[in-house]
Amino acid sequence: MPTLMRGQPPRWLYADRINHVELADVQPWFEKGFKDLAAAPVASIGYGLLFAVTGLVIASLVWDTAALYLLAPLSCGFLLLGPAVTVGFQAISRDLEQGRKPSLFRALDAWRTDAPAVLGLAALLLAVFLVWIRMAMLLFALMFPPTGPNLGSLLAATFNTSGGTQFLILFILLGAFFAGVVFMGGAFALQLMLDKQVGLSEAVLTSVAAVAANPGPMALLAALLAGLTFAGMAFFYVGLAVTLPLAGHAAWHAYRAVIKR
């Protein structure tokens, strides 16, 4: 179980709001998230379907075009924009926690609880996403060997040429950097906005303090959330209708454990 920070001088702003957790605490968050999904399947999966459809639309727009190489960075963008667009899952878990019956409408309307802060976070993450896409495009233009505009050619060039392998390594490292920065600032920001209606800067800085105080468990949490997201994409994005709700509900229970009430 989480233990409170005692006898330690604050090293981060808002550090007094943070609980220490252990690696063993992470698994129960996902177990509780699964219970939330099972308790409100219509609202959770209905909200998740919005992201599945969005993924399918994006894939269809670039498929068999010269921009097919953008499919990977656009897919990775789910991780960057995730903290801002999963507010509905947080609302469903909050309603279950408070004994209220969740609904898809309440999930869709949850952003209004603290609209200025939520919209501010969305704008901030959108800016990061656009920078990521631009840098991925530059990396592709500078390093990737010439290839045809189809998936087979792209995969062959990626894994069978030195330029493709170097591109893949740098792409992964760059993506991990962006995802790490976004996770630090967004891991608990949305939950704070929904639960306590705090401002954007306070929510982001509290999230940073929480991640910094619990590096091991937070790294495991981030890896599992990313794994669920990529697993959903692997099933032609349709899997996101299930994996994203599970990730969103688990993130709410992580928030309850890490941030003091």
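Here are a few things to note about the model shown:
- Average Cα contact separation per residue, region 18-258, under 8 Å, 6 or more apart, as relative contact order %: 38
- If R0 equals 25 Å, the separation of the Cβ atoms of Thr113 and Lys260 corresponds to a calculated FRET efficiency of about 0.80.
- Rounded to the nearest 10 degrees, the inclination of helix 162-186 to the longest alpha-carbon principal axis of the chain is 20 degrees.
- Helix 115-143 vs. the chain, principal-axis angle (Cα, 0 to 90°, nearest 10): 30
- Taking the longest Cα principal axis of the chain as reference, the axis of helix 215-234 is set at about 50 degrees.
- Between Ala66 and Ala141, the modelled labels are 1.2 nm apart [label points 7 Å from Cα along Cα→Cβ].
- Approximate spin-label separation Phe105-Leu151, in nm, with each point projected 7 Å along Cα-to-Cβ: 4.0
- Multiplying the residue separation of Gln98 and Leu23 by 0.36 nm and removing their Cα-Cα distance gives an extension gain of 24.3 nm.
- Working note: 222 nm ellipticity from helices only, DSSP H runs with n ≥ 4, each -39,500 (n - 2.57), summed and divided by the residues of the chain, gives -24500 deg cm²/dmol to the nearest 500.
Read-outs: derived from the displayed coordinates by stated rules, not from any lab. Quantities reported herein were computed from a predicted structural model and do not represent experimental measurements. A quick note on method: Cβ atoms are made from the backbone with ideal geometry, for glycine too, and the neighbour counts reach across all protein chains shown.
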